[in-house]
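> I'd like to ask you about the structure that follows.
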Amino acid sequence: MDSYRFNIPRFATIYLALSIGLPILLYLIRTYAGINLNSGGVSLIPIMLTTLNEGARFTRATERRPTNREAWKMAGLFALFGVMLSMLLAAVVLVVAPLMLGDLTGLSLGLIAAMVAVMAIVYVLVARVFFALGARSEMRRLP
């Protein structure tokens, strides 16, 4: 039985691909099909799918479900990296295309810090749920 090892480049690649690709896909759907699928929940899809994948990888590597403590520990780690990658992406957008951020450029540093803290809490909770779901679904697939 192997052990699970968190792979940062894999996590970052999947997370950033979803963070960039999903808005592009939604824009194309809105432009060519006339259907607007944008909502506040769309921003959670990258962390959901990435942690779902990591849960499945954990189970494949260990052939068991994570313990409650392991799941919370991994959720915190995933949330940390998810928030850091989101802030990095926002910084790149701020430099390359500041108009895409709209009114966010005029916010105070304290308000931005509060928004990041709320985002981190939500990411931990979402990561915990989806890491466990990924592990559970993979357990069903194992012989």
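The values are calculated or read from the model by the stated rules, or taken from the named source; none is laboratory data. Quantities reported herein were computed from a predicted structural model and do not represent experimental measurements. FYI the Cβ positions are ideal-geometry reconstructions off the backbone, even for glycines, and counts take in every protein chain you see.
> How many residues are over 8 Å from the mean Cα position of the chain (by Cα) and under 10 Å from F131 (Cα atoms) when one looks only at region 71-87?
Residues in region 71-87 being over 8 Å from the mean Cα position of the chain (by Cα) and under 10 Å from F131 (Cα atoms): 4 in total.
> Assess whether V116 counts as being surrounded by 12 or more Cβ atoms within 10 Å (Cβ to Cβ), at negative phi and within 13 Å of the chain's Cα centre (by Cα).
no
> Here are some residues: A61, A12, A90, A97. Which one is among the small types (G, A, S) and modelled with pLDDT of 95 or more?
When all the criteria are applied, what remains is A12.
> Kindly evaluate F131 against the criterion of being closer than 20 Å to I14 by Cα, of a type in the set (F, W, Y), in contact with a Ser or Thr (Cβ under 7 Å, 6 or more places away or on another chain) and touching a residue at least 12 places away in the same chain (Cβ under 8 Å). Even if it seems obvious, please write down each step before you answer.
Details: closer than 20 Å to I14 by Cα: yes; of a type in the set (F, W, Y): yes; in contact with a Ser or Thr (Cβ under 7 Å, 6 or more places away or on another chain): yes; touching a residue at least 12 places away in the same chain (Cβ under 8 Å): yes.
So F131 fits the description; yes.
Conditions (1) β-branched (V, I, T); (2) surrounded by 15 or more Cβ atoms within 10 Å (Cβ to Cβ); (3) within 16 Å of A79 (Cβ to Cβ), marked per residue:
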residue	(1), (2), (3)
L89	no, yes, yes
P98	no, no, no
I112	yes, no, no
A127	no, yes, yes
A135	no, yes, no
M139	no, yes, no
L142	no, no, no
